[in-house]
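Computed from the coordinates by the stated procedures, all read-outs in this text should not be read as laboratory data. None of these values were measured; they are calculated from a predicted model. Quick reminder, even Gly has a Cβ in these numbers, built from the backbone with ideal geometry, and neighbours come from all protein chains shown.
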Amino acid sequence: MPIREVRLGLGENWPQFSLLMLVNAFVGGMVGLERSILPAIAEQDFGIAARTAVLSFIVAFGITKAAANYLAGRLADRFGRKRILVLGWLIALPVPLLLMWAPAWHWIVAANVLLGISQGLTWSVMVIMKIDLAGPKQRGLATGLNEFAGYVALAASAFATATIAETFGLRPEPFYPGIAFVLLGLLLSVFAVRETRDHVALESSATATSDSTPSPAAVFRRTTFADRNLSSATQAGLVNNLNDGMAWGLFPLWFAARHMSLEQIGVLAAVYPATWGFLQLATGAWSDRVGRKWLIAIGMWMQAAGIAIVLASASMTLALTGAVLLGVGTAMVYPTLLAAIGDVTHPAWRASAVGVYRLWRDLGYAFGALLSGVMADVFGLAAAIATVAALTLLSGVVVALRMRETLSPSSRSGPP
């Protein structure tokens, strides 16, 4: 498509944007397959009791997804978004089969290595493509819609697998939907998704060029620690996924220790990402109006409060309250962080910066699983959960003290 025919904005690109949301729903559904039942499989099918060992699948997922996120940004700038998306789906093809028929726990870990690589490539490219299509005035809404599609599908998949497992057992039936997710995602990506690099060229032509394209090493330094806005967002993303990794691995065990059924655990495992997913429809767009900084800081504090309530829960009602609050806080943070990255990066190197941010953010899964697993083995589940709540609270303080507002007045979608 010639550049003169390309337009920026969600309204102008709604058919392709809607298609990308559908594809991202299948990406999220793949993660949801594991969300509620894999710790139970570790204990019941493979006799693994140590929390650190049980959470090894999250460590494998987090490290490989983080590395793939970084590569996705650089490869998307070099080879195009669509090619990397298709590659991600091809890597995911064996995952449901491995989860269904794995004869030993290390096969499950291997499946999560493939899943992490696939998720890093596909989800990163989905974010980048939606930011490409939206242009500068609707980044928050675009990232909110992206994360809504992925995490609502994740929640639905988590609930479905727990329900199927309650009726048919832990394997193989709960993983049958994964075959449909991966095939539909791959086919749509090959035959229907269009490349968005022309949109990047259009936005770049209208953007000041005084900011020369930095080297990959310079982008890494800026995003990791040198730029106060980028690095503040990066540490918040890391801690957000650190607490998510803990919730993924330890919350099912915590709820089981309180004598909740597998179906109740499935509900709780789904409520948190469902709240997170649905509210991103509002919070992403809200950040386009009021700015990014305080949504991020307050959202981190709400996450800490939600984790603390789950820790104090002695009933299903209180556990649900904590899960919902955790979801609300995450919804305030997740799309807003991505939008903030887009605010302060030039289109020419935005994908690379998003890749670095997502590298550190998804290393949070591995850090969270390792930290909470070791803490749980040494000091107990309660101490592990409390430690993660405290780190989440501290991360919000860092944003409040160090980060500047990234959304310029001219880019706001309406009055604050």
Taking a straight Cα-to-Cα line shorter than 17 Å from K137, and setting aside same-chain aspartates and glutamates fewer than 8 residues away, one finds E12, E203, D288, D343, E405
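If you take the square roots of the eigenvalues of the alpha-carbon gyration tensor of the stretch 336-404 and sort them as a ≥ b ≥ c, do you get rounded (a/c under 1.5), prolate (a/b over b/c) or oblate?
Values: a/c = 4.94, a/b = 2.01, b/c = 2.46.
Oblate shape, in that a/c is at least 1.5 and b/c is the bigger or equal ratio.
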Label model pair R194, E263: point-to-point distance (7 angstrom along the Cα→beta-carbon line) in nm is 4.7
For each of R292, R404, R139, count neighbouring Cβ atoms within 10 Å of the residue's Cβ, then give the residues from fewest to most.
R404, R139, R292
Spacing of the two label points (7 Å from each Cα toward its C-beta) at A382 and A180, in nm
4.3
In Hz, Karplus ³J(HN,Hα) per residue of the stretch 389-405 (6.51, -1.76, 1.60; θ = phi - 60°; x = Gly, Pro)
4, 5, 5, 5, 4, 5, 4, x, 5, 4, 4, 4, 8, 10, 7, 9, 5
Exposure-ranked with fewest Cβ neighbours within 10 Å first, V125, V219, V27 stand as V219, V27, V125
Formal net charge of residues neighbouring A102 (Cβ-Cβ distance under 9 Å; K, R +1; D, E -1)
0
Add +1 for every Lys or Arg and -1 for every Asp or Glu among the other residues with Cβ under 13 Å from the Cβ of G396, and state the total.
+2
Rounded to 0.05, the calculated FRET efficiency for the beta carbons of A390 and S215 at R₀ = 41 Å is 0.65
Mind giving me the nanometre distance, one decimal, between the label points for L187 and L22, set 7 Å out from Cα along Cα→Cβ?
1.1
Roughly how many whole Å is it from the C-alpha centroid of the stretch 228-306 to that of the stretch 339-370?
17
Treat the count of other C-beta atoms within 10 Å as a stand-in for reagent exposure and order S204, S232, S410, S124 from fewest to most.
S410, S204, S232, S124
Under 17 Å Cα to Cα from K82, which lysines show up? Leave out anything in the same chain fewer than 8 places away.
K130
Given R₀ = 30 Å, FRET efficiency for A282-R404 by Cβ-Cβ distance, to 0.05?
0.80
